[in-house]
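Participant: Before we start, here is the structure in question, set down as structure tokens.
FYI, it's all coordinate maths here, none of it is from the lab. For clarity, every value in this text was computed on a predicted model and none was experimentally measured. Don't worry about glycine lacking a Cβ; one is built from the backbone with ideal geometry, like all the others, and counts go over all protein chains shown.
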Amino acid sequence: MKQISSRFSIAVHILTFIASVREGCTGDFIAGSVNSNPVIVRNIMGMLKKADLIGVRPGVGGAYLKKDADEITLLDVYRAVDVIGDDQLFGFHNPKIECEVGRIIENTLREELKQAQEAMEQRLQLVTIQQLLDQPEVNMLQT
């Protein structure tokens, strides 16, 4: 199975941070929270901006959410950062075609794995940034 890129978790962190801090969310400031290189954070912020999830004020104004946190789903984030394309969560090897199992395994398995990816994406569609913010651990940080 392919690993989902850390861009996804970083992007969720960025959006949650922006939603909770609200002002002065520069790339460098966010990078401190993410514990990542500011260039990586700015690149991911660029993807989020392209997906119209955030805006960035010129200068040191920082980033802001372009939608309410309860309107941004984890699936929106997943798609924004180009984690994995449709039907590509699971990779396939190159089986030996002369083998009976090798000839059929990809076609046999492909539909099952497609459904598994769809189930994951359906779950991501149900969770919003606001729901993450409403978690007790995060709520404590906002007071």
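Participant: Say the dipole of segment 49-128 comes from +1 at the beta carbon of Lys and Arg and -1 at that of Asp and Glu; which of 56, 75, 109 then lies farthest toward its positive end?
Facilitator: Going by the charge dipole, the pick is 56.
Participant: Could I ask something else about it? Let me check the size of segment 6-142 from its C-alpha atoms; what are the radius of gyration and Dmax in Å?
Facilitator: Values for segment 6-142 (Cα only, Rg and Dmax): 18.8, 63 Å.
Participant: What are the DSSP H helices in the chain that stretch 20 Å or more along their long axis, judged by alpha-carbon atoms, and whose average Kyte-Doolittle hydropathy comes to at least 1.0?
Facilitator: 6-21
Participant: Tell me the net charge near residue 80. Cut-off is 13 Å between Cβ atoms, residue 80 excluded, with +1 for each Lys or Arg and -1 for each Asp or Glu.
Facilitator: Taking every other residue near residue 80 into account, the sum is +3.
Participant: Please give the net charge around residue 128, taking every other residue with its beta carbon less than 12 angstrom from that of residue 128, where Lys and Arg add +1 and Asp and Glu add -1.
Facilitator: Around residue 128, the surrounding residues sum to -4.
Participant: Which value in deg cm²/dmol, rounded to the nearest 500, describes the helix-derived mean residue ellipticity at 222 nm for the chain, given -39,500 (n - 2.57) per DSSP H run of n ≥ 4 and division by the residue count?
Facilitator: When only DSSP H runs of four or more count, the value is -18000 deg cm²/dmol.
Participant: Counting only other residues whose beta carbon sits under 15 Å from that of residue 31, what net charge do I get with K and R as +1, D and E as -1?
Facilitator: Its environment carries a net charge of +1.
Participant: Among 90, 8, rank each residue by its count of other Cβ atoms within 10 Å, from fewest to most, as a rough exposure measure.
Facilitator: 90, 8
Participant: Do you know the Lys pair count in the chain for C-alpha distances under 29 Å, with sequence separation 8 or more or different chains?
Facilitator: Lysine pairs, 8 or more places apart or on different chains, close enough: 11.
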